[in-house]
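*Asks:* Below you'll find the structure I mean.
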Amino acid sequence: MSRLSTCFEKIRTEGRKAVIPYVVAGDPAAAITVPMMHRLVAAGADVVELGVPFSDPMSEGPVIQRGHERALENHVSLANVLEMVKVFREDDADTPVIIMGYANPVERMGYPVFASACAEAGVDGLITVDLPPEEVGPLNQELKKVSIDNIFLISPTTPAERITTITANASGFIYYVAVKGVTGAGHLDTADVEKHLAAIRSKTTLPICVGFGIKDAASAAAVGAVADGVVVGSALIDTMAQRIESGGTPEQGIDDAVSLLASIRSGVTASIGTTA
Amino acid sequence: MTDMISPEFFASVPDPQGRFGPYGGKFVAETLMSALADLEALYRELAVDPGFQREFDSDLAHYVGRPSPLYEASRMSDAIGGARIFLKREDLNHTGAHKVNNTIGQALLAKHMGKKRVIAETGAGQHGVASATVAARLGLDCHVFMGAEDVQRQSLNVYRMKLLGAEVIPVTSGSKTLKDAMNEALRDWVTYVDNTFYIIGTVAGPHPYPMLVRDFQSVIGREARRQSLAMTGKLPDALVACVGGGSNAIGLFHPFLADESVAMFGVEAGGLGVETGQHAAPLSAGQPGVLHGNRTYLMQDQNGQIIDTHSVSAGLDYPGVGPEHSWLKDIGRVNYVAANDDEALAAFHRWTRTEGIMPALETAHALVHAEKLAAEMTPEQHIIVNLSGRGDKDILTVASIDGIEL
Ligand SMILES: Cc1ncc(COP(=O)(O)O)c(C=O)c1O
């Protein structure tokens, strides 16, 4: 069984929900990413999602855009990100790692080279924002050869028949984008999320994790009550960046982000049972 | 290639997936997929609807002022002593460039979809002005994204857009030029997708945009073909157009693609020289990749990061190019070349003084190559250059380069 299915299976039997932090690899410094991943796991992350820096991150709001810019100033490439995962794996053989990014760096590396490099590094899943089902076929074939899950996105605008096609091809988990918009923006409507998740669940037994628009322990708890997992990105990166901008060290920035993740973890854990 | 050249062959692209050979496609976030599907469905219906075509043609005739003239540039042709050069006068369109052909068409689509809010990206500001113009005419709320650097160098157009009632949003991320404006427009669209129509300004972006912008701009080539036959009794020997995203070029080229005797040249921005790396010539010096919703030639580094471009002309300062051009390059139907900043500036002055036509700096790139080409040809031959826009918007840039304070 893949690391992702083992992880979600375990979470399900324990009656928990997954907490998935997103950070941009190489932000605020290349050397800090791997230690930060371990600390996020220690603070309660079930899966770690690493953003691959890209010059034109079209689906990101200002907070994550700046994360990409800082990482690029540190010259972090897709090859470097895979290297980081490899180093992470030396001390953590169990926590699934998914990488999230844009098509062009993968195109440039070439699909077969990329897929085998992912497998060698210990990557478990891939989210490519600008490779919708219509375009991901050739890459997905390469990923399947090395048993890496391509994680499909479903959004509030995805029509019912499309949900059917997407879920039929999906593996690992489904990533539900909770708001129309870019990362970090918008107001999350839990009732609306719940309605959409029900529609997706009628088509698949895969776990559904929800991202975009989760800002704090309260919104994470609200979403965690209806989803199988929550993805938190902008809130963590904002917390870290603000600390650094106000004179803190990168380590202090990470301390703050890790505490936020811990509070989100307890918020999500506490919400279970209150609504079940 | 000979056996491939037929009207059917060129009409076969894009395929239903929006592909031009390996290029094109729909590389966007899931949230936009249904909006693109709706747009495509509507467009496929309207494209064959005589009522819609009449509405479009009528707007082009009475609002834009089409057909635009084909003008023989005799003094320049005589001075060169080679092929005769004819100019397709898109500068005489309402708002001063070819861009309005497309915004008229897309505004009609927005109207049919009942969208009250339109957004656009702009580089030189010509597409922004053309969008603000059609929005004013239809009473639509218009927001134009423009790189902060372009807001500076095209300040006249910024003010024009504001006078027309549009909101101009300066984009400060990345290189602060056209590509960043397009990123920001896509971010806006994904957020307000329910009530917003995105008027893309060139033959780039996700399918169906490269197809529909091409179709709207092809009026240029259809007219030029008729006018050439009427004025010279034959088809042109060569066509020349500048290529930013490639909309004025495809508009001129497309109706001639199956005419084997017609050579075609797309002129990219060579900036400080293609060999310096400081340019905006992805077809001349880039590699295929994925950006802004399509696969196409891009300026990128070895890690797949998009690199900064340079051109004196804001409208050509873009690291990508429409996917159909990538395909036309690969199959060898169109030749892509580059003209540098200083060559374009010299041509700007030369044509202004010799023909009394002040070209946009974008257009001046096409004129550079037309002059070189004409010199190698004979007076029995003729070239049509797409005079894509007028240069009034550029006079502050030209003055400052020439060290003149206004
Ligand atoms: C006058 C003029 N010509 C050409 C261009 C380049 O665009 P395209 O390559 O889509 O024709 C622009 C863009 O702003 C323009 O204003």
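*Asks:* I need a count of the residues in region B:9-36 that are open to solvent by 50 Å² or more (accessible area, probe 1.4 Å) and either of a type in the set (V, I, T) or farther than 16 Å from B:L328 by Cβ (or both).
*Replies:* Number of matching residues: 2.
*Asks:* Which residue, of B:A374, B:A346, B:A338, B:A364, is of a type in the set (A, V, I, L, M) and not in a helix (DSSP H, G or I)? First the steps, then the outcome.
*Replies:* Values: B:A374 fails: not in a helix (DSSP H, G or I); B:A346 fails: not in a helix (DSSP H, G or I); B:A364 fails: not in a helix (DSSP H, G or I).
Exactly one residue qualifies, and that residue is B:A338.
*Asks:* Just checking: which of the strands (runs of 3 or more DSSP E) contained wholly in region A:159-234 hold 2 or more residues that are modelled with pLDDT of 95 or more and either touching an Asp or Glu at 6+ places or on another chain (Cβ under 7 Å) or more than 12 Å from chain B (Cβ to nearest Cβ) (or both)?
*Replies:* A:208-211, A:229-232
*Asks:* Taking B:Y318 as the residue in question, decide whether it is of a type outside the set (A, V, I, L, M, F, W, C), in a strand (DSSP E or B) and within 16 Å of the ligand (Cβ to nearest atom).
*Replies:* For B:Y318, the condition - of a type outside the set (A, V, I, L, M, F, W, C), in a strand (DSSP E or B) and within 16 Å of the ligand (Cβ to nearest atom) - is not met.
*Asks:* I need a count of the residues in region B:1-52 that are aliphatic (A, V, I, L, M), at the interface with chain A (Cβ under 10 Å from one of its Cβ atoms) and assigned to a loop (DSSP other than H, G, I, E, B). Let's see the steps before the verdict.
*Replies:* Going through region B:1-52, the residues aliphatic (A, V, I, L, M) turn out to be B:1, B:4-5, B:11, B:13, B:28-29, B:32-33, B:35-37, B:39, B:41-42, B:46-48.
Filter once more, so that each one left must be at the interface with chain A (Cβ under 10 Å from one of its Cβ atoms): B:28-29, B:32-33, B:35-37.
Imposing the further condition that a residue be assigned to a loop (DSSP other than H, G, I, E, B) reduces the set to B:28-29.
So the answer is 2.
*Asks:* Does A:P21 satisfy the condition of being out of contact with any strand residue (DSSP E or B) (no Cβ under 9 Å at 6 or more places or on another chain) and either more than 27 Å from A:A270 (Cβ to Cβ) or crowded, with 24+ Cβ neighbours inside 10 Å (or both)?
*Replies:* Spelling it out, it is not the case that A:P21 is out of contact with any strand residue (DSSP E or B) (no Cβ under 9 Å at 6 or more places or on another chain) and either more than 27 Å from A:A270 (Cβ to Cβ) or crowded, with 24+ Cβ neighbours inside 10 Å (or both).
*Asks:* Which is touching a helix residue (DSSP H, G or I) at 6+ places or on another chain (Cβ under 9 Å) and among the polar types (S, T, N, Q), of A:T190, A:T164?
*Replies:* Numbers: A:T164 fails: touching a helix residue (DSSP H, G or I) at 6+ places or on another chain (Cβ under 9 Å).
The unique qualifying residue is A:T190.
*Asks:* If you don't mind, another one. Here are some residues: B:V398, B:V290. Which one is part of a strand (DSSP E or B), farther than 16 Å from B:A280 by Cα and more than 18 Å from the chain's Cα centre (by Cα)?
*Replies:* Numbers: B:V398 fails: part of a strand (DSSP E or B).
After ruling out the rest, the residue left standing is B:V290.
*Asks:* Can you tell me which residue within region B:295-306, out of those that are more than 16 Å from the ligand (Cβ to nearest atom) and in contact (Cβ under 8 Å) with a residue 24 or more places away in the chain, is farthest from the other protein chains (Cβ to nearest Cβ)? Steps first, please.
*Replies:* So in region B:295-306, the residues more than 16 Å from the ligand (Cβ to nearest atom) come out as B:295, B:300-306.
Filter again for in contact (Cβ under 8 Å) with a residue 24 or more places away in the chain, leaving B:295, B:306.
On the way: B:R295: 8, B:I306: 4 Å.
So the residue we want is B:R295.
*Asks:* Would you confirm whether any residue within region A:105-126 is at the interface with chain B (Cβ under 8 Å from one of its Cβ atoms) and within 16 Å of the chain's Cα centre (by Cα)?
*Replies:* No, there is no match, as no residue in region A:105-126 is at the interface with chain B (Cβ under 8 Å from one of its Cβ atoms) and within 16 Å of the chain's Cα centre (by Cα).
*Asks:* Within region A:91-103, is there a residue that is under 26 Å from B:T296 (Cβ atoms) and assigned to a helix (DSSP H, G or I)?
*Replies:* Initially, region A:91-103 is screened for residues under 26 Å from B:T296 (Cβ atoms), giving A:99-103.
If we keep only those that are assigned to a helix (DSSP H, G or I) too, we end up with A:103.
Taking every residue of region A:91-103 in turn, at least one turns out to be under 26 Å from B:T296 (Cβ atoms) and assigned to a helix (DSSP H, G or I).
*Asks:* Right, next: Considering every residue within region B:313-332, establish whether at least one is open to solvent by 10 Å² or more (accessible area, probe 1.4 Å) and of a type in the set (A, V, I, L, M).
*Replies:* yes
*Asks:* Select from region B:133-151 the residues that are under 21 Å from the mean Cα position of the chain (by Cα) and not small (G, A, S) and list them in ascending order.
*Replies:* B:T133, B:V134, B:C142, B:H143, B:V144, B:F145, B:M146, B:E149, B:D150, B:V151
*Asks:* Could you count how many residues in region A:120-149 are open to solvent by 40 Å² or more (accessible area, probe 1.4 Å) and under 17 Å from B:G289 (Cα atoms)? Write out each step before concluding.
*Replies:* Of all residues in region A:120-149, those open to solvent by 40 Å² or more (accessible area, probe 1.4 Å) come to A:120, A:133-134, A:138, A:141, A:144-147.
Now drop any that are not under 17 Å from B:G289 (Cα atoms), which leaves A:134, A:138.
So the answer is 2.
The values are calculated or read from the model by the stated rules, or taken from the named source; none is laboratory data. Since the model is a prediction, treat every value here as computed from it, not as a measurement. Here Cβ is always computed from backbone atoms with ideal geometry, including for glycine, and neighbour counts include all displayed protein chains. Only protein heavy atoms, including side chains, enter the accessible area calculation; ligands, DNA and RNA are left aside. Shrake-Rupley method; radii C 1.70, N 1.55, O 1.52, S 1.80 Å.
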